[in-house]
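Down below is the structure, laid out as structure tokens.
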Amino acid sequence: MECPELNLETEEPESNSFDAKRTNTDISYEIESNKRLQVEEESLRNEDKTKSRKPKRKVACFIGYCGTGYHGMQVNNPNRTIEGDLFKAFVNTGAIAEMNSDDPKKSSLNRAARTDKGVHAACNVLSLKLIIDQPNLLERINAALPETIRVWGVSRTLGSFNPRTFCEERIYEYLVPSYVFIPPYPMTHLAQRITKHREIINSKENDDWINGHEYLLYCKDTKSIWSDEKIQQLKKMINTPSISAKNVNEEDEETSNVSSKPHELLEKEKIKQIEQEIRRKYRISSERLQLIRDAFKIFEGSHNFHNFTVGKTFNDKSAYRLIKSFTISEPKLIQNMEWISIKIHGQSFMLHQIRKMIALIILVVRCGTPLSFIPKTFKSTRFNIPKAPGFGLLLERPIFTGYNKRAERMKREILDPSLYEEEIQTFKETYIYHKIFSEESKENLFRSFLNYIDLSTTNDFDYLTLPMEQLTEQLGKNNHILHDEMEYNEIRKKESKNLLAQRNTSGGIREKEKKQRTSTKFYLNNPYIIQWPKISKEDQEIILSGILNIFSFFPNQRKKNKILGKKRNLKDNKDTDYIDRDKEYIGECVDDNISSSQTDKREFTTKYMTLGINETTKLLEMYSKIGIPSSAPSYLRFFDKIDENHLSLLKNNKLANILKIVVICKEDIQHSILYSYFPTLCGVVNEVLSKIEAPDDNSQSGIRLVTLPKGSEQQLSEAAGLKRLAAIGIMKNTPHAEKIIDFIFKKVPPPQIPWLKHPTMFHPTSIIET
């Protein structure tokens with residue numbers, strides 16, 4: 001029996017094609033599944049890492065460093081910086097995780113003070129987030145750092161801590177050899193210009209330039225220091241072989257082969273050696289040292305230091321800085337050279353400010369310039385002031401007074417550099433002072449700085465040798481260095497407009513009209529412009545310190561108290577007469593209806609102060625309503641009649657604690673709409689109170705409106721324990737405020753509202769009348 005043949009040919013192609021399609025989908029499916037597995041594995045690994053990751057803490061690091069060989073403090077890739085080496089050490093010791101090691105911003109790195117290239121710091125403060133739960137972390141960090149950089153300590157801080165904003169004061173030190181204050185060598189260009197210009201100075205108008213103590217001391221020291229006898233003695237010393245070889249090696253290695261040089265070059269080398277020997281052997285007199293102290297004293301206080309930095313103009317408000325003190329030490333003899341330490345205590349400093357201040361005093365003292373010239377640098381005239389060498393400057397320490405008070409209240413660590421005083425002092429003497437002294441003895445950097453000034457043939461430093469009036473005539477009116485910055489800017493604008501007009505002479509009428517357009521606000525002649533009372537910067541600082549002193553006597557409060565149920569009265573009792581509500585805002589004018597228990601519960605600021613713009617505004621508005629009769633329409637003037645109910649309320653209480661001072665942090669508020677109405681409102685209240693106050697109170701009648709300098713809002717907020725505090729109202733009988741109130745009434749004029757002085761020029765109108 002034969003088996004039937006199987007038709008395999010028709011079945012095989014169908015099965016093969018089906019298997020091929022299935023294989024392609026399987027492959028793509030396997031690839032996708034593998035990708036999913038890889039993603040899941042990576043996520044699992046990341047979860048393991050996060051589980052094993054240690055927590056980061058916000059800390060403050062106290063550091064000290066020698067800035068020689070570094071391009072400043074702040075990270076500046078690819079240059080070598082102090083923060084760059086510190087960040088690497090934190091990463092290598094595990095204080096910063098690997099995932100955050102590529103960018104310091106991930107660790108919230110900040111610093112209290114930035115230092116320039118070559119500037120040192122005995123104690124600076126960094127803040128960043130570190131993993132501090134490690135044994136011997138401080139020792140391991142210092143082991144990973146070079147010897148010229150040390151970390152003194154690591155302290156936990158509040159999460160909001162930023163060393164730059166919380167640092168209230170900084171102390172710097174500048175070391176300078178005493179010979180920089182001696183007069184220039186008589187053969188230099190600067191010394192010859194001093195002699196020449198003194199001959200043309202008008203002695204009647206500028207007697208201090210001719211017969212002043214500074215110039216007389218200059219002439220006296222020039223004769224004694226640069227006398228012919230001393231120069232001849234030093235020539236003999238230099239001509240001896242042993243001393244000559246020694247001095248030549250100290251000055252320059254290239255001058256060791258003296259015999260091969262021409263005769264003229266050899267004489268120049270000898271003159272340099274003579275000058276340097278005179279400088280090294282110089283010992284400053286007590287008279288000149290006192291002159292230096294008097295000169296630095298002029299910098300103390302708040303001034304416009306736009307001439308002592310770069311990129312700032314006279315109109316730039318940030319150019320104002322507060323210098324608290326300059327301390328000049330007694331001279332010390334180190335390595336056969338006399339040195340002087342200058343300590344600068346200030347609130348904050350701009351770029352190159354300290355080095356330019358030091359340089360100006362050096363130039364003024366050594367040139368015999370009157371000290372009366374120094375305050376002129378605070379005005380709009382621009383001067384070319386050089387920078388003193390940076391290697392003599394070091395940051396002593398930053399100060400965090402406000403933050404430490406806040407930390408103590410919250411029972412946290414305070415930032416106190418004195419805990420590391422011994423280590424800091426040892427480091428300063430070993431790595432900073434020694435570096436400064438040795439670098440000056442080898443490189444003569446201060447001598448190079450003085451040579452640049454003495455040998456300059458330009459007129460950039462003629463302000464040291466001529467009074468301003470004759471200097472202007474000497475150089476001409478087109479010299480922008482000597483003229484008001486605003487005038488100079490106007491001249492430049494006119495020149496640029498003329499250039500544009502020449503380029504676009506073929507333009508149409510429309511383009512010419514665009515050029516001629518001006519803003520109308522400059523041409524409005526309004527005689528009733530409202531202005532803020534003018535207060536000097538010095539008086540503002542005194543007022544600020546006085547207000548902070550008031551807060552120091554009383555505990556801080558963080559919650560606004562309801563003033564005798566203020567919100568309840570305003571919301572629930574809307575029909576209540578406004579006279580009853582005014583009792584809540586008239587300060588200490590306590591009515592019989594108010595119980596003693598309610599009065600005792602009110603805190604200090606509720607009794608004697610209003611905190612914030614809203615509270616202060618409401619109190620001023622209630623005072624202004626005193627002048628409006630209850631039956632009068634709202635649009636009528638309120639100075640003709642006084643509401644008897646309010647008047648009796650005030651007189652019965654004998655004006656026990658009426659509002660006297662309104663303080664506004666105007667510079668710290670961004671939008672003018674938040675404070676522009678205060679002059680008008682205070683002027684209205686001032687008119688009302690002047691009509692009802694007793695005649696014996698004329699010395700302190702009305703109220704005063706005070707503006708505080710920039711940065712005051714933060715200080716007041718910290719003193720009051722509030723997040724923000726931009727306005728304060730101070731009552732008459734506020735404890736510990738008598739002196740500051742008297743000072744304000746003497747220094748601050750009352751708010752002037754011109755349209756209130758001419759009431760007959762105005763009359764009420766309405767829509768019906770028109």
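The values are calculated or read from the model by the stated rules, or taken from the named source; none is laboratory data. On a predicted model such as this, the values are computed, not experimentally measured, just so you know. Note that we place each Cβ from the backbone using ideal geometry, even for glycine, and neighbour counts take in every protein chain shown.
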Taking the stretch 269-315, which residues are under 17 Å from Leu333 (Cα atoms) and among the small types (Gly, Ala, Ser)?
-> Ser285, Ser286
Which pairs do you get when a residue that is assigned by TED's automatic domain parsing to the domain that holds Ala388, found in the stretch 363-377, comes within reach of a residue that is not in a helix (DSSP H, G or I), reach meaning Cβ atoms under 6 angstrom, with the pair 6+ apart or on two chains?
-> Arg366/Pro183; Pro370/Gly212; Ile374/Ile298; Thr377/Phe383
Lys376 at pLDDT below 95 and closer than 27 Å to Ser456 by Cβ = yes
Of all residues in the stretch 65-116 being among the aromatic types (Phe, Trp, Tyr) and part of a helix (DSSP H, G or I), which is nearest to the chain's Cα centre (by Cα)?
-> Phe87
Hits in the stretch 686-711 (condition: at pLDDT 85 or above and outside any loop (DSSP other than H, G, I, E, B)) = Arg704, Leu705, Val706, Thr707
Quick check: is even one residue across the stretch 424-445 at pLDDT below 90, out of contact with any strand residue (DSSP E or B) (no Cβ under 9 Å at 6 or more places or on another chain) and assigned to a helix (DSSP H, G or I)?
-> yes
Counting only residues that are farther than 30 Å from Lys356 by Cβ, at pLDDT 70 or above and in contact with a Ser or Thr (Cβ under 7 Å, 6 or more places away or on another chain), give me the helices (runs of 4 or more DSSP H) lying completely in the stretch 197-301 with at least 1 of them.
-> 263-280
Odd one out for Asn124 among (1) under 21 Å from the mean Cα position of the chain (by Cα); (2) surrounded by fewer than 17 Cβ atoms within 10 Å (Cβ to Cβ) | (2)
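Yes/no per residue for (1) in contact with an Asp or Glu (Cβ under 8 Å, 6 or more places away or on another chain); (2) touching a residue at least 12 places away in the same chain (Cβ under 8 Å):
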| position | (1), (2) |
| --- | --- |
| Thr381 | yes, yes |
| Lys387 | no, yes |
| Pro398 | yes, yes |
| Thr401 | yes, yes |
| Asn404 | yes, yes |
| Lys411 | no, no |
| Asp416 | no, yes |
| Tyr433 | no, yes |
By residue number, the members of the stretch 712-743 that are under 15 Å from Ser545 (Cα atoms), surrounded by fewer than 17 Cβ atoms within 10 Å (Cβ to Cβ) and either acidic (Asp, Glu) or at pLDDT below 85 (or both) are His736, Glu738, Asp742
Please go through the stretch 365-403 and pick out each residue that is within 25 Å of Thr195 (Cβ to Cβ), outside any helix (DSSP H, G or I) and of a type in the set (Phe, Trp, Tyr).
-> Phe383
Among Arg355, Arg406, the single one that is assigned to a helix (DSSP H, G or I), modelled with pLDDT of 95 or more, of a type in the set (Lys, Arg) and within 29 Å of Lys317 (Cβ to Cβ) is Arg355
Does the stretch 91-100 contain at least one residue that is at pLDDT below 70 and surrounded by 10 or more Cβ atoms within 10 Å (Cβ to Cβ)?
-> no
Test result for Glu173, in contact (Cβ under 8 Å) with a residue 24 or more places away in the chain and not in a loop (DSSP other than H, G, I, E, B) | yes
Got a number for residues in the stretch 52-84 being surrounded by 14 or more Cβ atoms within 10 Å (Cβ to Cβ) and within 22 Å of Asn162 (Cβ to Cβ)?
-> 19
Out of curiosity, is Leu360 under 19 Å from the mean Cα position of the chain (by Cα), surrounded by 20 or more Cβ atoms within 10 Å (Cβ to Cβ), under 20 Å from Glu173 (Cβ atoms) and not charged (D, E, K, R)?
-> no
Out of the stretch 430-463, which residues are closer than 30 Å to Arg150 by Cα and among the aromatic types (Phe, Trp, Tyr)?
-> Tyr431, Tyr433, Phe437, Phe446
State yes or no: is Ile414 β-branched (Val, Ile, Thr), surrounded by fewer than 17 Cβ atoms within 10 Å (Cβ to Cβ) and in a loop (DSSP other than H, G, I, E, B)?
-> yes
Do you know which of the residues in the stretch 331-340 that are touching a Ser or Thr at 6+ places or on another chain (Cβ under 9 Å) and surrounded by fewer than 16 Cβ atoms within 10 Å (Cβ to Cβ) is modelled with the lowest pLDDT?
-> Gln335
Look at the stretch 303-325 and say how many of its residues are more than 11 Å from the chain's Cα centre (by Cα), farther than 20 Å from Asp668 by Cα and part of a strand (DSSP E or B).
-> 2
